[in-house]
Amino acid sequence: MLSALHHTQVAVPKGAEDISRAYYVGVLGMTELPKPPVLAARGGCWFAAGGLEIHTGVEEPFVPARKAHPGILVTDIDELSGALTAAGHEYTWDTSIPDRRRLHTFDPHGNRLEFIQE
């Protein structure tokens, strides 16, 4: 019955679209997708890369997800870690699962993201 994950959404504060674009497009290399007008009026942005979509949605009061997170497969985790470093974003390597290279970071709004080498 279930076939795939279409998107994940992370919360952002009101007016954070440009900060989200700088990170999800500028650092992670995603492409911004147009939102339907009725949804665009609510704020937030939609981003895509490969078959993955991340939607940002305005939440008031805003509270970032510090524990809950998407687990995102990447083709080159070293390239990603270099892009995060170059943009001044901190991350931590997690070696708790044998034979799986992964790191954790936070978007500029404080939402946790996990990246896993394919």
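The values are calculated or read from the model by the stated rules, or taken from the named source; none is laboratory data. What you see is a predicted model, and the numbers here were worked out from it, not measured in a lab. Every residue, glycine as well, gets a Cβ built from its backbone with ideal geometry; the counts of neighbours run over all protein chains shown. Heads up: the accessible areas ignore ligands, DNA and RNA and are worked out on the full protein's heavy atoms, side chains in. Shrake-Rupley method; radii C 1.70, N 1.55, O 1.52, S 1.80 Å.
Residues are listed down the side, and each one gets a yes or a no for (1) modelled with pLDDT of 95 or more; (2) open to solvent by 60 Å² or more (accessible area, probe 1.4 Å); (3) assigned to a helix (DSSP H, G or I); (4) touching a Pro at 6+ places or on another chain (Cβ under 7 Å):
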residue	(1), (2), (3), (4)
19	yes, yes, yes, yes
23	yes, no, yes, yes
29	yes, no, no, no
39	yes, no, yes, no
42	yes, yes, no, no
46	yes, no, no, no
53	yes, no, no, no
61	yes, yes, no, no
64	yes, no, no, no
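If I go through region 98-108 residue by residue, how many of them are open to solvent by 20 Å² or more (accessible area, probe 1.4 Å), outside any strand (DSSP E or B) and either modelled with pLDDT of 95 or more or among the acidic types (Asp, Glu) (or both)?
4
Take residue 118 and tell me if it is over 19 Å from residue 8 (Cβ atoms) and loosely packed, with under 14 Cβ neighbours inside 10 Å.
Here the answer is no, as residue 118 does not meet what is asked.
To keep it simple, each residue is scored yes or no on (1) more than 14 Å from the chain's Cα centre (by Cα); (2) under 20 Å from residue 80 (Cβ atoms).
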{"position": "3", "(1), (2)": "yes, no"}
{"position": "9", "(1), (2)": "no, no"}
{"position": "14", "(1), (2)": "yes, no"}
{"position": "25", "(1), (2)": "no, yes"}
{"position": "35", "(1), (2)": "yes, no"}
{"position": "41", "(1), (2)": "yes, no"}
{"position": "50", "(1), (2)": "no, yes"}
{"position": "54", "(1), (2)": "no, yes"}
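Considering only region 92-118, state which residues are among the hydroxyl-bearing types (Ser, Thr, Tyr) and either under 19 Å from residue 49 (Cβ atoms) or without any contact (Cβ under 8 Å) to a residue 12 or more places away in the chain (or both). Steps first, please.
We begin by selecting, within region 92-118, every residue among the hydroxyl-bearing types (Ser, Thr, Tyr); these are 92, 95-96, 105.
95, 96, 105, listed by residue number.
Go through the residues of region 74-87 one by one and say whether even a single one is in a loop (DSSP other than H, G, I, E, B) and closer than 14 Å to residue 114 by Cα. Before the answer, list the steps.
Applying the first criterion (in a loop (DSSP other than H, G, I, E, B)) to region 74-87 yields 75-76, 87.
If we keep only those that are closer than 14 Å to residue 114 by Cα as well, we get 75-76.
Yes, there is a match, as at least one residue in region 74-87 is in a loop (DSSP other than H, G, I, E, B) and closer than 14 Å to residue 114 by Cα.
Which count do you get for residues in region 74-91 that are open to solvent by less than 80 Å² (accessible area, probe 1.4 Å), closer than 18 Å to residue 109 by Cα and either hydroxyl-bearing (Ser, Thr, Tyr) or in contact (Cβ under 8 Å) with a residue 60 or more places away in the chain (or both)?
3
Can you pull out every residue in region 6-17 that is open to solvent by 60 Å² or more (accessible area, probe 1.4 Å) and either in a strand (DSSP E or B) or more than 19 Å from residue 70 (Cα to Cα) (or both)?
Filtering region 6-17 down to residues open to solvent by 60 Å² or more (accessible area, probe 1.4 Å) leaves 6-7, 9, 14-15.
The answer is 9, 14, 15.
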